[in-house]
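Note sheet for the following structure.
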Amino acid sequence: MDLTLIQTSLPQLAAGAVLTLELVLLSLAAGIVLAVATAFGRLSRLRPLSLLVGAYVFVFRSTPLLVQIFLIYYGLGQFEAVRASLVWPLLREPYWCAILALTLNTGAYGGEIIRGGILSVPFGQIEAARALGMAPGLMYRRIILPQAFRQVLPAYGNEMIQVVQASSLASTITLMELTGVARAIAARTYQPLEVFLVAGAFYLLLNLVIAQGVRLAERRLARETRR
Amino acid sequence: MLDLLQFGDSGWGDEILRGAGMTLVVAVLAYGIGLVLGSLSAAATLAGGLLLRGAAAVYTTVVRGVPALLVIWLLFFGGGSAATWAAGLFGFSGRVDLSPFVIGVLAVGLVSGAYAAEVIRGAVQAVPAGQLEAARALGMQRGLILRRILVPLALRYALPGLSNVWQMTLKDTSLIMVTGLAELMRVSFVASGSTRQPFLFYIAAAVIFMLLTTGSELLFHRAERRAARGVRRAGA
């Protein structure tokens with residue numbers, strides 16, 4: 001074990017960890033919005049819409065994230081129309097490509113989780129809300145979504161941890177996030193164990209924080225039920 | 001543009017197909033390793049002493065907690081030294097290098113095993129204790145109980161979870177392109193580099209992956225139905 005190597009590479013690893021955090025937070029934030037939209041789209045009574053959203057979910061869940069990242073980063077730039085478009089300044093950057101791919105990916109997985117949560121709300125609850133004369137918007141806000149949210153918390157927590165791990169794939173399109181930094185140092189020093197231990201520990205810590213956060217939220221929500 | 005996907009010298013069709021074959025081979029081998037590691041780890045958790053239980057807990061927690069790509073890089077840079085050291089224990093003094101193929105299979109298998117361990121542990125615990133008691137009461141030996149009672153019953157509970165692990169393993173296989181192994185993603189990467197048609201080749205790779213995941217899901221579905229053939233359900 002080479003402690004000086006750990007010490008000298010810590011600043012680089014920390015910078016990588018910050019980028020990892022950025023990627024994770026941004027894609028999680030955008031991903032949950034997309035996931036809710038996806039769930040509603042899948043449940044929509046508009047047949048074309050639910051079919052279209054279903055196709056999106058199927059494609060993104062049945063292909064590896066790596067293909068999705070490469071398609072967005074390398075693939076889209078091939079078309080003149082894309083390069084001439086307004087979004088090209090964003091799609092040119094590996095940073096935004098990685099966030100886009102991660103968001104689309106977690107939106108598909110998360111959408112299925114949330115859809116399951118919405119379907120798990122007992123129909124009696126919906127009947128009761130209707131009998132009270134609630135409009136659909138109010139019913140969703142006060143009755144369906146809070147209960148669905150509680151139901152999906154554990155599964156969504158796992159999905160968040162998957163996003164943390166998925167963010168490592170950003171290193172394949174030149175982003176020096178934590179895994180990329182660790183790889184670069186290992187390639188230079190040929191002492192992989194030390195840097196990978198530090199990087200691994202950071203990932204585990206991040207998972208722990210997420211798991212604890214989910215557990216806390218669960219406890220809070222459970223308290224509200226009892227009342 | 002589509003003629004780039006033709007077979008023969010002018011197109012990349014045969015290379016892509018061979019890459020897909022390599023992907024499938026690596027995934028199957030890694031999944032096999034994963035099932036063995038997962039079973040051992042589950043056995044250690046359920047029946048091992050403190051040391052074995054601890055080792056299994058560390059294995060599943062750490063490997064499920066870090067990105068698969070990190071595991072691949074660790075084996076890529078450190079696998080050779082580890083193998084050299086291990087060979088030294090058996091009196092072999094030369095240097096051992098691991099091929100990208102071996103690194104890929106081992107790394108993806110290691111990850112697969114950590115997830116399979118949880119599935120298998122849960123499935124074994126789901127087997128009603130009365131079944132095992134009855135088997136013991138009939139005078140069955142441990143091996144026979146395992147073969148005739150525990151494994152068939154646990155397999156039924158484990159199959160849906162194991163199906164998920166397989167899907168994950170198959171998709172994780174794409175990551176080993178970073179070692180240079182000529183599997184589907186690597187071939188697509190090389191092809192799109194030399195033809196400047198990345199979209200075409202990554203779409204082709206995506207379609208092949210979709211066929212593989214969807215096809216294998218059907219197989220697992222059939223296996224689930226077969227494993228549950230002795231179970232009566234309401235309305236059936």
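Looking only at region B:199-222, which residues are open to solvent by 30 Å² or more (accessible area, probe 1.4 Å), facing chain A (nearest Cβ under 8 Å) and under 24 Å from B:PRO160 (Cα atoms)?
Those that are open to solvent by 30 Å² or more (accessible area, probe 1.4 Å), facing chain A (nearest Cβ under 8 Å) and under 24 Å from B:PRO160 (Cα atoms): B:MET210, B:THR214.
So which residues in region B:1-26 are part of a helix (DSSP H, G or I) and open to solvent by less than 60 Å² (accessible area, probe 1.4 Å), if there are any at all?
B:LEU4, B:LEU5, B:GLY13, B:ASP14, B:ILE16, B:GLY19, B:ALA20, B:GLY21, B:MET22, B:THR23, B:VAL26
Could you list all residues from region A:54-100 that are more than 12 Å from every other protein chain (Cβ to nearest Cβ) and buried (at least 16 other Cβ atoms within 10 Å of the Cβ)?
Scanning region A:54-100 gives A:TYR56, A:VAL57, A:LEU91, A:PRO94, A:TYR95, A:TRP96, A:CYS97, A:ALA98, A:ILE99, A:LEU100.
So A:GLY180 fits all but one of (1) within 10 Å of chain B (Cβ to nearest Cβ); (2) open to solvent by 10 Å² or more (accessible area, probe 1.4 Å); what number is the exception?
The one condition A:GLY180 does not meet is (2).
Given the criterion within 8 Å of chain B (Cβ to nearest Cβ), open to solvent by less than 10 Å² (accessible area, probe 1.4 Å), at pLDDT 95 or above and within 22 Å of the chain's Cα centre (by Cα), identify the matching residue among A:ALA170, A:ALA166, A:ALA199.
Going through A:ALA170, A:ALA166, A:ALA199 in turn, just one is within 8 Å of chain B (Cβ to nearest Cβ), open to solvent by less than 10 Å² (accessible area, probe 1.4 Å), at pLDDT 95 or above and within 22 Å of the chain's Cα centre (by Cα): A:ALA199.
Which helices (runs of 4 or more DSSP H) sit wholly inside region A:90-173 and have at least 3 residues that are over 30 Å from B:LEU175 (Cβ atoms) and without any contact (Cβ under 8 Å) to a residue 40 or more places away in the chain?
By residue number, A:123-131, A:136-139, A:145-166.
Are there any pairs, at least 6 apart or on different chains, whose C-beta atoms fall under 8 Å, with the first in region B:173-198 and within 12 Å of another protein chain (Cβ to nearest Cβ) and the second charged (D, E, K, R) and open to solvent by less than 30 Å² (accessible area, probe 1.4 Å), and if so, which?
What qualifies is B:THR173/B:GLU183; B:SER174/B:GLU183; B:ILE176/B:GLU183; B:MET177/B:GLU183.
When the residues of region B:27-54 are narrowed to those that are open to solvent by less than 50 Å² (accessible area, probe 1.4 Å) and more than 22 Å from the chain's Cα centre (by Cα), which ends up farthest from B:ALA205 (Cα to Cα)?
Within region B:27-54, the match that is farthest from B:ALA205 (Cα to Cα) is B:GLY49.
The values are calculated or read from the model by the stated rules, or taken from the named source; none is laboratory data. As the structure is a computational prediction, the values presented were derived from the model and not from experiment. Neighbour counts are summed over all protein chains in view; Cβ atoms, including those assigned to glycine, are modelled from backbone coordinates with ideal geometry. When the accessible area is computed, the model is the full protein with side chains, heavy atoms only, and any ligands, DNA or RNA have been set aside. Shrake-Rupley method; radii C 1.70, N 1.55, O 1.52, S 1.80 Å.
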